[in-house]
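Since the structure comes first, as structure tokens, the remarks are kept for the end.
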Amino acid sequence: MCGIVGGVAQRDVTPILLEGLRRLEYRGYDSAGLAVINDQGLVRHRRLGKVIELENAINEAPITGGTGIAHTRWATHGEPSESNAHPHFSNDKVAIVHNGIIENYEVLKGEQESTGMIHTSETDTEVAAHHIAGYYEELGDLVAAVNRARNEFQGAYALGVIAHDRPDEMIVARQGSPAVIGLGIGENFVASDVQALIPVTQKVIYLENGDLAHLTRDKVTIYDADGNEVEREVHTTSQSLNASDRGGYKHYMLKEIYEQPQAITETLEGRLTNNTVNANIFGVKAEAIFKQVERVQIVACGTSYHSGLVAKYWFEALAGVSCEVEVASEFRYRPRVVQDNTLFVTISQSGETADTLAALDKANNEGFLSSLTICNVPESSMVRDSELCLMTHAGPEIGVASTKAFTTQLVALLLLVLAIGRERDIAEEQISVMVSLLNKLPKNIADALEKDDLIKEMSNDFVDKNHALFLGRGMQFPIAMEGALKLKEISYIHAEAYPAGELKHGPLALVDDEMPVIAVAPNDQLLDKLRSNLEVVKARGGQLYVFSAGNIGLDDGDIKLIEIEDIPEMLAPIVNVVYLQLLAYHVAVLKGTDVDQPRNLAKSVTVE
């Protein structure tokens, strides 16, 4: 979602803010803007479109200053436009950038209009700017003004605030949306993501919900939600400066697809010892907690939800533990019955997904046995708010369409299944077999990537298609869901996934000679059932595209077939999704879409 960068320094911050925005482009946005304080007061540039448009505007009419804020906007209130872009001003006295949603902005806007205030945008952010400016005029103290105003805001937000007559100060407030402070020498910074800060510092502070920070060049003062001055831990981020380079690949997504063998290797490293999985890799309390687990509740969104669906099969087939999986945006708003000894598991690439974080917050107060997160960002809110965790070690994932985050989540979840199963007396021999298979997994993924040229050739058939149907059975059904999601995300082809056995219950009505039907057919006990389902599609003239690890038993002249490796059943989902990632990628390239930043989407969904 929206990206925030700000700084208070002895040098010109404009190039620092621009570089920060460039490093946040992966989050998804439709406009960009930057404001600084200099001898003229508050000055800014805003542009619709990419950061390069903002950079061109600044090159044509330079602005410089030692204190400034910048923003990439993903439209919520008001269409994408220059007037709706951030930063927003109030009477040229206060400027703010904002990530999140002020839910009561209409009430506040009505109050402002009743006093004659004129709004120049459709945004909730401008309303927030005027509200803060009103208190600043009344109180004469920027910290007090932001604190008073933010206590009247409802919703989620991260705010960066500067004032025309406070050239060496910035106020940051966090409620729900992430905010991180970067510590320098004679300069301090803020961003919504640490990736924007690593060109200038690796020393960071992660603000907690309700925190308000006062930044000057030489000092950062933090207040909690009750107004008490507090100390927050200083972290040294492990992220590197070149982590977001494409490394010679045409797109980040393709780079990240090909990084999967290494990402899985790093996720497994140090976690498989003596042919088993020890609970302590999830935390010092994990062993005692896992001994009590009788059921698991998984909550996630999007691709992470699909990984949870695969894990449900594993939990029940391998560990004998009942498992439920639910979309976070639904889970957080319904009453529920929490059964005894239920482990609450969240899954997120960023660890900042708004709905999943809200679900975790509720779960922490609802009597679950414990909370555990599978996450890719060690400093994230989800990691800090969970009792147990396992990092996926996928490295930064820049492409909006998740690839290596998904496969490493699956690996981490399988480790969790084995660790809990071990405490429930799964035979050590069975665990040893699974560990052996996991050690071979990076090679299996590398072998799957060898099919790239064949998949690229197959993708030509999809260029003129508007719809596609993905089919799967058993553990392959969530993989079909993930394949459909990838295709729709980056190629804009409407794609849906169904359990193959449900064809006759509705989806078969869509099948004709223009409808591509994609299936992954591992050589498992459901192959004969899947073959029968595909015969039904073939009889209706559907165009079949099958990734087959066994004898599919259909006339090759009637289908497009790619032979794939015969992977043991429990590991097959992790490998088979790679074929569907490559298919979506090549179709999107042929259609000329923005592969890494597809329209209307954001990498980190940090607002509801």
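Matching residues to (1) within 20 Å of Q409 (Cα to Cα); (2) crowded, with 19+ Cβ neighbours inside 10 Å:
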{"residue": "A317", "(1), (2)": "yes, no"}
{"residue": "E326", "(1), (2)": "yes, no"}
{"residue": "D340", "(1), (2)": "no, no"}
{"residue": "S348", "(1), (2)": "yes, yes"}
{"residue": "T353", "(1), (2)": "yes, yes"}
{"residue": "N376", "(1), (2)": "yes, yes"}
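For the criterion of being of a type in the set (G, A, S), surrounded by fewer than 20 Cβ atoms within 10 Å (Cβ to Cβ) and under 32 Å from the mean Cα position of the chain (by Cα), S114 fails. Being part of a helix (DSSP H, G or I) and either at pLDDT 70 or above or charged (D, E, K, R) (or both) is the filter here, so list the residues in the stretch 510-536 that pass it. Answer for the stretch 510-536, where residues must be part of a helix (DSSP H, G or I) and either at pLDDT 70 or above or charged (D, E, K, R) (or both): L510, D528, K529, R531, L534, E535, V536. Per the conditions (1) without any contact (Cβ under 8 Å) to a residue 60 or more places away in the chain; (2) in contact with a strand residue (DSSP E or B) (Cβ under 6 Å, 6 or more places away or on another chain), the sole criterion not satisfied by A144 is (2). Every test in (1) part of a loop (DSSP other than H, G, I, E, B); (2) open to solvent by less than 50 Å² (accessible area, probe 1.4 Å); (3) more than 21 Å from V13 (Cβ to Cβ) is passed by G186 save one, and that test is (3). Looking across the stretch 331-348, just one residue is under 16 Å from the mean Cα position of the chain (by Cα) and in contact (Cβ under 8 Å) with a residue 60 or more places away in the chain, and that is I347.
Say whether the condition of being under 22 Å from P178 (Cβ atoms), free of Cβ contacts under 8 Å to residues at least 60 places away in the same chain and crowded, with 23+ Cβ neighbours inside 10 Å is met by at least one residue in the stretch 90-99. No, because not a single residue in the stretch 90-99 is under 22 Å from P178 (Cβ atoms), free of Cβ contacts under 8 Å to residues at least 60 places away in the same chain and crowded, with 23+ Cβ neighbours inside 10 Å. M570 fulfils the conditions (1) open to solvent by 30 Å² or more (accessible area, probe 1.4 Å); (2) part of a helix (DSSP H, G or I); (3) at pLDDT 85 or above except for a single criterion, (2).
Can you tell me which residue in the stretch 274-288 is surrounded by the fewest Cβ atoms within 10 Å (Cβ to Cβ), limited to those that are in a loop (DSSP other than H, G, I, E, B) and of a type outside the set (S, T, N, Q)? Break it down into steps so the answer makes sense when it comes.
So in the stretch 274-288, the residues in a loop (DSSP other than H, G, I, E, B) come out as 274-275, 277-278, 283-285.
Filter again for of a type outside the set (S, T, N, Q), leaving 277, 283-285.
Numbers: V277: 25, G283: 16, V284: 9, K285: 13.
Among them, the one singled out is V284.
Going through T392, T403 one at a time, which residue ends up being over 23 Å from V293 (Cα atoms), touching a residue at least 60 places away in the same chain (Cβ under 8 Å), of a type in the set (S, T, N, Q) and touching a Lys or Arg at 6+ places or on another chain (Cβ under 9 Å)?
On the way: T392 fails: over 23 Å from V293 (Cα atoms).
The conditions single out T403.
Considering only residues that are open to solvent by 60 Å² or more (accessible area, probe 1.4 Å), among the acidic types (D, E) and assigned to a helix (DSSP H, G or I), which ones fall in the stretch 252-273? Once the filter is applied, which keeps residues that are open to solvent by 60 Å² or more (accessible area, probe 1.4 Å), among the acidic types (D, E) and assigned to a helix (DSSP H, G or I), the stretch 252-273 yields only E266. Scanning for something out of contact with any strand residue (DSSP E or B) (no Cβ under 8 Å at 6 or more places or on another chain) and not in a loop (DSSP other than H, G, I, E, B), does the stretch 71-81 turn up at least one residue? No, the stretch 71-81 contains no residue that is out of contact with any strand residue (DSSP E or B) (no Cβ under 8 Å at 6 or more places or on another chain) and not in a loop (DSSP other than H, G, I, E, B).
In contact with a Lys or Arg (Cβ under 7 Å, 6 or more places away or on another chain) and open to solvent by 10 Å² or more (accessible area, probe 1.4 Å): which single residue out of R473, R422 fits that description? Talk me through it step by step, then tell me what you get.
Working: R422 fails: in contact with a Lys or Arg (Cβ under 7 Å, 6 or more places away or on another chain).
That would be R473, the only listed residue that is in contact with a Lys or Arg (Cβ under 7 Å, 6 or more places away or on another chain) and open to solvent by 10 Å² or more (accessible area, probe 1.4 Å).
Scan the stretch 378-407 for residues that are within 23 Å of F344 (Cβ to Cβ) and among the hydroxyl-bearing types (S, T, Y) and jot them down. Scanning the stretch 378-407 gives S380, S381, S386, T392, S402.
Say whether the condition of being of a type in the set (S, T, Y), at pLDDT 90 or above and either touching a helix residue (DSSP H, G or I) at 6+ places or on another chain (Cβ under 9 Å) or in a strand (DSSP E or B) (or both) is met by at least one residue in the stretch 231-244. Within the stretch 231-244 (the criterion being of a type in the set (S, T, Y), at pLDDT 90 or above and either touching a helix residue (DSSP H, G or I) at 6+ places or on another chain (Cβ under 9 Å) or in a strand (DSSP E or B) (or both)), the answer is no, since none of the residues qualifies. Where residues in the stretch 124-147 are over 33 Å from the mean Cα position of the chain (by Cα) and farther than 17 Å from D168 by Cα, which of them is most open to solvent (accessible area, probe 1.4 Å)? If we take residues in the stretch 124-147 being over 33 Å from the mean Cα position of the chain (by Cα) and farther than 17 Å from D168 by Cα, then E137 is most open to solvent (accessible area, probe 1.4 Å). Inspection of the stretch 35-44 finds a residue satisfying the criterion of being without any contact (Cβ under 8 Å) to a residue 60 or more places away in the chain and among the basic types (K, R).
The values are calculated or read from the model by the stated rules, or taken from the named source; none is laboratory data. Just so you know, these numbers come straight off a predicted model, no measurement behind them. Glycine gets a Cβ as well: all are built from the backbone with ideal geometry, and neighbour counts include every protein chain shown. Note: accessible area is taken over every heavy atom of the protein model, side chains too, but ligands, DNA and RNA are not part of it. Shrake-Rupley method; radii C 1.70, N 1.55, O 1.52, S 1.80 Å.
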